[in-house]
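We did not get these values from a lab; they are worked out from the coordinates using the rules stated. Quick caveat, the model's predicted, so the values are computed rather than measured. Cβ placement follows ideal geometry from the backbone for every residue including glycine, while neighbour counts extend to all protein chains displayed.
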Amino acid sequence: MPSPLIKPITILAFDYGTRRIGVAVGNTETRVSQALKTMAAQNADGLFREIEHLLKEWQPDQIIVGLPTHPDGTKHEMTAKAKRFGNQLHGRFHLPIIWVDERYTSAVLEGNPQMHDNLDAHSAALILEQYFAENTKAPELKNER
């Protein structure tokens, strides 16, 4: 008896920053991430309106938020801010949030001049690729708030 088909899960990934937020998209079938855009809204309302448009366009099943920490894994000021952002996404849009360690993503890309214009979106793509690499089996929908 053939195994049932598993519906690919679409995922939006965010690399949160206080000035800019990078966004990427991918799915569990191709396990490839694509940098979408870097957002720099003037205020929270504008930012969440822009995110709402992305959610309507891509219709993700879950959201990944990069969780910044010090190189030794301890939390710092941006850890709490990224957590708050992810919790706001969950509260507003009711999608599962997955946290991914992002401590080296920006450092990996900073030396690449081709990535400079959209560095934050490419960082979000790396966060998503890291998630795919760490979850070798097809991930299930889950909420790890």
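If you take every DSSP beta bridge fully contained in the stretch 10-134, what fraction is antiparallel? Give it as a percent rounded to 5.
55
Taking amide H atoms as placed 1.01 Å from N in the peptide plane, list the residues 5 or more away in sequence, or in a different chain, whose amide H sits under 5 Å from that of Leu36.
Here the answer is Val23, Ala24, Val25, since their amide H atoms fall under 5 Å of that of Leu36.
In whole Hz, with x marking every Gly and Pro, tabulate ³J(HN,Hα) for the stretch 48-64 from phi via Karplus 6.51 cos²θ - 1.76 cosθ + 1.60, θ = phi - 60°.
Coupling constants for the stretch 48-64: 6, 5, 5, 5, 4, 4, 4, 5, 5, 5, 9, 6, x, 8, 7, 10, 10 Hz.
List every residue whose amide H lies under 5 Å from the amide H of Gly17, counting only residues 5 or more places away in sequence or on a different chain, with H placed 1.01 Å from N in the peptide plane.
Those lying under 5 Å, H to H, from Gly17 are Gly22.
Which distance in nm do the two modelled labels at Lys81 and Thr69 give, with both placed 7 Å along the Cα-to-Cβ direction?
1.9
What does the charge dipole of the stretch 10-134 about its Cα centre add up to, to the nearest 20 debye, if the Cβ of each Lys and Arg holds +1 and the Cβ of each Asp and Glu holds -1?
Magnitude of the dipole: close to 360 debye.
Would you mind checking which residues have amide H under 5 Å from Arg103's amide H? H placed 1.01 Å from N; only 5 or more apart, or other chain.
Close amide H contacts, sequence-distant or interchain: Thr69.
Can you give the FRET efficiency for Ile6 and Glu52, using 1/(1 + (r/R0)^6), R0 = 30 Å, r = Cβ-Cβ distance, to the nearest 0.05?
E(calc), rounded to 0.05, equals 0.60.
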